[in-house]
1. Taking the chain as the reference, fit the longest principal axis to its C-alpha atoms, fit the long axis of helix 57-70 to the helix C-alpha atoms, and give the angle between the two in degrees, 0 to 90, nearest 10.
2. Which GluC sites (Glu not before Pro) from the stretch 98-148 combine a DSSP loop assignment with at most 16 other Cβ atoms within 10 Å?
3. Compute the signed sum of charges (Lys and Arg +1, Asp and Glu -1) over the other residues within less than 10 Å, Cβ to Cβ, of R125.
4. Would you calculate the separation in nanometres between label points at R80 and E108, each defined as 7 Å from the Cα along the Cα-to-beta-carbon direction?
5. Once both axes come from the Cα atoms, what is the angle between helix 88-97 and the longest principal axis of the chain, in degrees from 0 to 90, rounded to 10?
6. List the GluC sites (Glu not before Pro) within the stretch 28-96 that fall in a DSSP loop (any state other than H, G, I, E or B) and whose Cβ has at most 11 other Cβ atoms within 10 Å.
7. Give the range of the longest stretch in the chain that excludes all trypsin sites (Lys or Arg not before Pro) found in loop regions by DSSP and having at most 15 other beta-carbon atoms within 10 Å.
8. Quick one: Karplus J couplings for the stretch 134-144, per residue in order, coefficients 6.51, -1.76, 1.60, θ = phi - 60°, nearest Hz, x for Gly and Pro?
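Just so it is clear, none of the values below were taken in a lab; they were calculated from the coordinates. Because the structure is a prediction, the values reported are computed rather than measured. Virtual Cβ from ideal backbone geometry, glycine too; neighbours counted across all protein chains shown.
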Amino acid sequence: MEQRLRRIAVMPSGRSLVEITDEVLQWVLAQRIETGLLTVWCPHTSASLLVQENASPDVRADLEDFFRRLVPDGGGGRYRHQEEGADDMPAHIRAALTQTQLSIPVTEGRPVLGTWQGIYLYEHRTQPHRRELVLHLVGQAKRPCESG
């Protein structure tokens, strides 16, 4: 059993879903782990992770519209915690309703994702932030081909 660890930086320009599938896929492929488990960890309280459809941008727009209605930005005494801005407490609530960790099986050296699935950082703040994600891969390495 082998383990690999990597940190990646994501720079969302504000509240949005930022697809990170290609970067994650390329890193996993380079690790030469045949079968295992990939953990993607988001060590932030105002951003989260999603596996979501990556074919239609309407899905991302509809998700954001839904969260805007479900958890509106502050102001008018809606939330007690407002020291970091009107979008901060709603960002914490959004993160609590979504996920900060993904576990994705790896087989044949690739993360197992459905045809239309992508991996996203979901930035909940309205201003740009630098986010760091941790990728942890555990599994069985590919064996070198033996020539006979």
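1. The helix 57-70 is inclined about 40 degrees to the chain.
2. Counting only loop positions with at most 16 other Cβ atoms within 10 Å, the GluC sites (Glu not before Pro) in the stretch 98-148 are E108, E146.
3. My count for the surroundings of R125 gives -1.
4. Roughly 5.3 nm, to one decimal.
5. The two axes meet at around 50 degrees.
6. Qualifying residues, ordered by number: E83.
7. The reported range is 81-129.
8. 10, 9, 10, 10, 10, x, 8, 6, 5, 8, x
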